[in-house]
Amino acid sequence: MLQLHRESLLETARETGWDLNGQIERVYEAFRFREGRPPKLVRRGGDVRPAIQQALMDCNADLGARERVDWAGFLRGHRTILKRLAPLPRLGRLDPDGIDRVCAVVGALEDFKDTAGRKLVFGSKSAHFHFPWLVPAMSIEVEAALREIDRVERTELVDLLPGRGRKFLFSSPASRRASYRNYVALGNAVMRDVDSQTFLGGYSRAHYDLHAKVFEWWVVAFGLLGIRAESGRAEHQALSSGAG
C-alpha cells in the first residue's frame, strides 16, 4: 500500500542515522528560497568554494564528473533557472504543468554536469536544496527503492501513473527522464493530504514545509523495508529447508 506510515518511516530514519536537523541547519537554512527570492551566493567560513558548490560536492552530486561540471556556468545561472519554481506550491498540490516545470528545471540544472548517463542526481539535488518542500532528490538509494516499488506495487502504480509497462526504468537518459517525472508525480499523489510539519513533529526544527524530503525518505524507507522483508523470507525458507 502506497501510504505514509509515520512510525515506520521515523524508525527507519533513526536506525539509519538520517540527520534531518543537520541537513536543515547546513543546507536548507543556507539555500532555500524565501518569499520567492533566491539566497545570496556566499562562502562559508573555511570554504574555498561558494557554499552551494561545496554542499553539492559534499553530497557527491557531482560524482563521476567532478572535473566536468561547468561550475562557473552553474554559479552564474542556477538561481535564474530556479526562479521558475518559486511560484509553485508544495509537492502534493501540483497540477500536471507544475510537475512538468519541476522536471524541466531539474533537467536544465543537470545540463551543467557533462555526463552521458544523465542520472539527474546533480540537477535534482541542486533544486532540492533550494526547494525542500517541492523537489524530491534522486540518488542511488532512491533509484533502488523505486525499482522495489515498481516490483511490488505494480497494480497501484498503474492507477496513479499514466502509460503502459514499467514506471521506473533507468537504462537510458530518456527512461531516466520519464522515471523522474513518475517519481515527482508519485510524490504529488502520496503527499497530497500530508502536513509535513505535523508528520515530522519533534523530529524537525524547520518552521517551513519539507514535503519533498519526507517523500524522499519514504521512498528510501520503502526500499529498505522491502529488502529486509525479502531477506527475512529467504532466511525463513532456508531454515525450513534445513529442518526437513
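Dividing the helix sum by the residues of the chain, where each DSSP H run of 4 or more adds -39500 (n - 2.57), gives a mean residue ellipticity at 222 nm of -17500 deg cm²/dmol. Comparing D114, D70, D97 in a Gaussian network model of the chain where C-alpha atoms under 10 Å apart are linked, the largest mean-square fluctuation is found at D97.
For the chain, the Cβ-based charge dipole about the Cα centre amounts to some 820 debye (Lys, Arg positive; Asp, Glu negative; other atoms uncharged).
Considering the values [x] 152; [y] 205; [z] 138, which represents volume of the Cα convex hull per residue in Å³ as calculated for the structure under consideration? Looking at volume of the Cα convex hull per residue in Å³ for this model, the match is [x].
Starting from the Cα gyration tensor of the range 91-210, take the square roots of the eigenvalues, sort them a ≥ b ≥ c, and report rounded, prolate or oblate (rounded when a/c is under 1.5, otherwise prolate if a/b is larger than b/c, else oblate). Because a/c hits 1.5 or more and a/b fails to exceed b/c, the range 91-210 counts as oblate.
Projecting the Cα atoms of S196, G46, P162 onto the dipole axis of the range 21-243, where Lys and Arg carry +1 and Asp and Glu carry -1 at the beta carbon, places G46 farthest toward the positive end. The alpha carbon centroids of the range 107-127 and the range 1-61 are separated by 18 Å.
Counting only alpha carbon atoms, the long axis of helix 211-243 and the longest principal axis of the chain meet at about 30°. Only lysines eight or more places from K167 in sequence, or on another chain, were considered; those with a Cα closer than 27 Å are K113, K119, K125, K213. Within the same chain, aspartates and glutamates fewer than 8 places from K40 are excluded, and of the rest, those with a Cα less than 16 Å from its Cα are E29.
To the nearest ten degrees, helix 96-110 and the longest principal axis of the Cα atoms of the chain are 70 degrees apart.
Evaluating 6.51 cos²θ - 1.76 cosθ + 1.60 at θ = phi - 60° for every residue in the range 136-143, the Karplus couplings come out as x, 8, 8, 6, 4, 5, 5, 4 Hz, glycine and proline recorded as x. Tilt of helix 6-16 relative to the longest C-alpha principal axis of the chain, in degrees (0 to 90, nearest 10)? Helix 6-16 and the main axis of the chain meet at about 80 degrees.
Close amide H pairs (under 5 Å, H built 1.01 Å from N) link R43 with A51, residues at least 5 positions away or on another chain. Once the chain from R93 to R14 is taken as fully extended at 0.36 nm per residue, the excess over their C-alpha distance is 25.6 nm.
Where a number appears in this text, it was derived from the coordinates with a stated rule and is not lab data. Given the structure is predicted, the values throughout are model-derived calculations rather than measurements. So basically every Cβ, Gly included, is an ideal-geometry build from the backbone, and we count neighbours across all protein chains shown.
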